[in-house]
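Just below is one structure, and these are the notes that go with it.
The values are calculated or read from the model by the stated rules, or taken from the named source; none is laboratory data. Because the structure is a prediction, the values reported are computed rather than measured. Reconstructed Cβ throughout: ideal geometry from the backbone, glycine too, with neighbour counts over all protein chains shown. Areas reflect the complete protein model, heavy atoms only, side chains present, ligands, DNA and RNA absent. Shrake-Rupley method; radii C 1.70, N 1.55, O 1.52, S 1.80 Å.
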Amino acid sequence: EFRKKFDPGWYTGKVKEIRPLAANGYNRRCVYSDGDIEDLRLEDLEQLSKLDPNHRKSRLSTKVKAHPTDNPKNGSDGTASIKFPHTQAQYTQLLLESEHQRDVETTQLLAQDILAKSAAVDDLVAKLPGMNRTRQMQMERINELIKSNHDVTRDLEEAYVVAKERREEVRVGLGESTCLALGVEEDT
């Protein structure tokens, strides 16, 4: 944790990620209390720790929070001492191991996600209408629906004819009533 002065004032920053392959040594991804992100070098962080007006001692640490399953010898606070690589080969090995661990974790998360979504799809498919019927049963149901559709069509056509006849009857009756009320004879 460190503090840095910007135009509006001092902001607290924390190193959230170390990016070994970052250009020009800017391998410390820092996030400030206002949500801004900045990549800094270790030298920058050491300098910032000295510029802090509330500086008591350097807050930079070589201890990091370790996953509880990584090392059974971790302290009760969950921290573990880290051995920093001294050679290119050690650095490469550390990088490969960390990438492998990240890949394993990502693969496990993706596999869990795929299994959960597959189960959800299976549930949705099982709820589709007709999934519990054989092909023969489905064909029988389709034929029933076709017959029902024809019956409804016939009923609708009959209702249309009856409605048309009723409309004509009402029109004639209304015409006669209107002529009678007005005392006019209707031309036929």
Exercise. Can you tell which of 180, 120, 160 lies farthest toward the positive end of the dipole of region 99-188, using +1 and -1 charges on the Cβ of basic and acidic side chains (Lys, Arg; Asp, Glu)?
Worked result: 120
Problem set entry | residue 172-residue 141 FRET efficiency (beta carbon distance; Förster radius 45 Å; 0.05 resolution) | 0.45
Problem set entry | Amide H within-cut-off set for residue 30, under 5 Å, with H built and near neighbours excluded | 16, 38, 39, 40
For this session: Determine the order of 30, 179 by accessible area, beginning with the largest, at a probe radius of 1.4 Å.
Result: 179, 30
Problem set entry | Amide N proximity, region 150-180 versus residue 187 label position 7 Å along Cα-to-Cβ, cut-off under 16 Å | 179
Exercise. If one computes the Cα centroid of region 85-116 and of region 143-183, what distance in Å separates the two points?
Worked result: 78 Å
